Amino acid sequence: MLYFLVFLNCEQGKLRLSKIEGTQIAISDSITTDSEIESFIKPYRVNIQKDLDSVLAYSAGTYSKNDGEFNTALGNFMADVIYSEANPIFKSRTQKDIDMVLLNHGGIRGLLNKGNVSKRTAFQLMPFENSIVVVALKKPQIDSLIDYLSTQKKAHPISKLKLTLDKNYNVIEAKIKGKEITNNKTYYVATSDYLYNGGDNMNFFKPNDTLYRLDYKIRNAIIDNFNKLDTINPVIDNRFTQIK
């Protein structure tokens, strides 16, 4: 906690700033709780905790972002969630479909543990306030995106994009929704606002044809998806693989 003292001088009837001094006071157990404030806050805290812990779905296993080399069950789940929840919103506004999704490996901050899944689970997976954006890209930017993924050697979550590398990390197959990537098409890529702005050195999103802001947080998309599911059982698949 910081306290600031402001010193003023009075010159000919006018106040002038003289100096500002700051003092840091550590917050510790020595500071007693104000019982009146605590009694006021308590019902709100109880209600929030109850809401966070309300069961939405069930996870069939424990899934980590580190359980695969190029794609993981948890990463696949996260990317697929963004597609399934964001695409109807995007289509209702633009009459277009999202072509693919790209998130970042580091953005997943927790495990999906076996057992009951709640809103708290979504906050553990995505504690950041990142929102979903859709970026319109042409083939040169898509090529840069694919080159980034092939050289990162990391399981960045993707959906609707299929990549296959050879043993030297060269791309031998790259398809979006099962089709070859062509020059005469605009691809609508859903991602986070953090990555759009260059997070994790993903600089291929700019320049672009158009940016669409959905005003929809990634965490909220996860919660909405939890509400629709009974059992969560994601798998590692062949969306991003290497032939060795």
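The values are calculated or read from the model by the stated rules, or taken from the named source; none is laboratory data. Small disclaimer: the values here were computed from a predicted structure and weren't measured. No Cβ is skipped: glycine too gets one built from the backbone with ideal geometry, and neighbour counts run over all protein chains shown.
Considering segment 126-244, the qualifying helices (runs of 4 or more DSSP H), each wholly inside and each with 1 or more residues that are of a type in the set (K, R), in contact with a helix residue (DSSP H, G or I) (Cβ under 9 Å, 6 or more places away or on another chain) and modelled with pLDDT of 95 or more, run over 218-228. Cβ-Cβ contacts under 7 Å between residues 6 or more apart (or on different chains), taken from a first residue in segment 117-131 that is over 19 Å from L214 (Cα atoms) to a second residue that is acidic (D, E), are listed as S118/D53; K119/D51; R120/D53. When I176, I218, I181, I223 are screened for being under 20 Å from the mean Cα position of the chain (by Cα), touching a residue at least 12 places away in the same chain (Cβ under 8 Å) and under 18 Å from S159 (Cα atoms), only I218 passes. Cβ-Cβ below 7 Å, separation at least six or inter-chain, first residue in segment 132-150 and within 22 Å of K217 (Cα to Cα), second assigned to a helix (DSSP H, G or I) and among the hydrophobic types (A, V, I, L, M, F, W, C): which pairs? Going by the 7 Å Cβ cut-off, the qualifying pairs are I132/I82; I132/A86; I132/I218; I132/A221; V134/F90; V135/F205.
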